[in-house]
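Inspection log for the structure reproduced underneath, given as structure tokens.
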Amino acid sequence: MKNPRAVSAVTRRIADQVYSHAKEGRLVLTLGGDHSIAIGTIGGTAKAIRERLGREIAVIWVDAHADINTPETSGSGNIHGMPVAFLTGLATEENEDFFGWLKTDNLISVKKLVYIGLRDVDPGEKRILRENGIKAFSMFDIDRHGIGRVMEMALAHIGSDTPIHLSFDVDALDPMWAPSTGTPVRGGLTLREGDYICECVHETGSLVAVDLVEVNPSLAPANDIGAHETVRAGCSLVRCSLGESLL
Ligand SMILES: NC(=[NH2+])NCCC[C@H](N)C(=O)O
Ligand SMILES: [Mn+2]
């Protein structure tokens, strides 16, 4: 793992902050930053919603990548490729300085996790998804059924009246819409498909937290409009998740 001490310490503080807001019943919006921050945001809401409502949260993870490598399966050692493994308990560490601060209260169930937009999944991750029966809608499924039907199926899997944490990686969008991100992958969602996902999740009335991550304006050539476009796309996604509608 690269920089485990720093990432563990930062995500622990994020978890405390998100927990304290979600515990009061506030919807928590977190802007990132790489996707490792979801260890903190989801860890925080999972615990707060258990205490406040006695419920387990569902997570809708919109991303080109599954981010479910364990430290053992990861080829890069980047923790932003591992947050879901830590959050589901598939990766565990005893040491408090290496994510050992995550307790059962912070964890989520693989049954209440749904992926949308996948198209770059490592071999070890494919095995993890299969072995744990994790629901995943790749770009193939979106091409086949359309985003409308995919959202129906994703929300049906979660079940109605379940508190939802939406974790949206801007790299789920095609680089045409969001080029300024660390690990862009071609063949992604259109901006409208991304907005639609957020609109549908808002419409459930069950949203408790939103992450919008991997927006990195520094990753664009000077004088390029890519950084501006990426920020603009991110703002659109956030507004839709907060209830802005076209009419
Ligand atoms: N949040 C992200 N950008 N994740 C990309 C992960 C890429 C690759 N699967 C890895 O584990 O290194
Ligand atoms: Mn990600």
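Where a number appears in this text, it was derived from the coordinates with a stated rule and is not lab data. Note that the structure is a prediction, hence the values are computed from the model and not measured. When we count neighbours, we look across all protein chains shown, and the Cβ atoms used for this are built from the backbone with ideal geometry, even at glycine.
Observations
- A simple charge model with +1 on the Cβ of Lys and Arg, -1 on the Cβ of Asp and Glu and nothing else charged puts the dipole of the chain at about 420 debye relative to its Cα centre.
- Taking label points 7 Å from Cα along the Cα-to-Cβ direction, GLU152 and GLU131 give a separation of 3.5 nm.
- Placing a pseudo-label 7 Å from each Cα along the Cα-to-Cβ vector at ARG192 and ARG232 gives an inter-label distance of 1.7 nm.
- Per-residue extension of 0.36 nm, minus the Cα-Cα distance of SER20 and MET176, leaves a gain of 52.4 nm for this segment.
- Inter-centroid distance (Cα atoms) of the stretch 14-58 relative to the stretch 156-194, Å: 19
- Total lysine pairs in the chain at Cα distances under 25 Å, for residues eight or more apart or on different chains: 18.
- Ellipsoid semi-axes in whole angstrom, largest first, where each is sqrt(5λ) of the Cα gyration tensor of the stretch 11-145: 24, 18, 13
- The 3J(HN,Hα) values that the Karplus relation (6.51, -1.76, 1.60; θ = phi - 60°) gives for the stretch 69-74 are, in residue order, 5, 8, x, 6, 7, 5 Hz. Gly and Pro appear as x.
- Cα gyration tensor shape for the stretch 111-247, rounded if a/c is under 1.5, else prolate or oblate: oblate
- Sorting LYS47, LYS103 by the number of Cβ atoms found within 10 Å of their own Cβ, with the fewest placed first, yields LYS103, LYS47.
- Surface/4 of the Cα convex hull for the chain, nm²: 12.7
- Percentage relative contact order, the chain, counting C-alpha pairs under 8 Å, at least six apart: 22
- Counting other Cβ atoms within 10 Å as a rough exposure proxy, the listed residues LEU155, LEU173, LEU246 run LEU246, LEU155, LEU173 from fewest neighbours to most.
- Partnerless Cys - the chain, beta-carbon criterion under 4.7 Å: CYS200, CYS235
- CD proxy at 222 nm, helix term only [per DSSP H run n ≥ 4: -39500 (n - 2.57); per residue of the chain; nearest 500]: -12500 deg cm²/dmol
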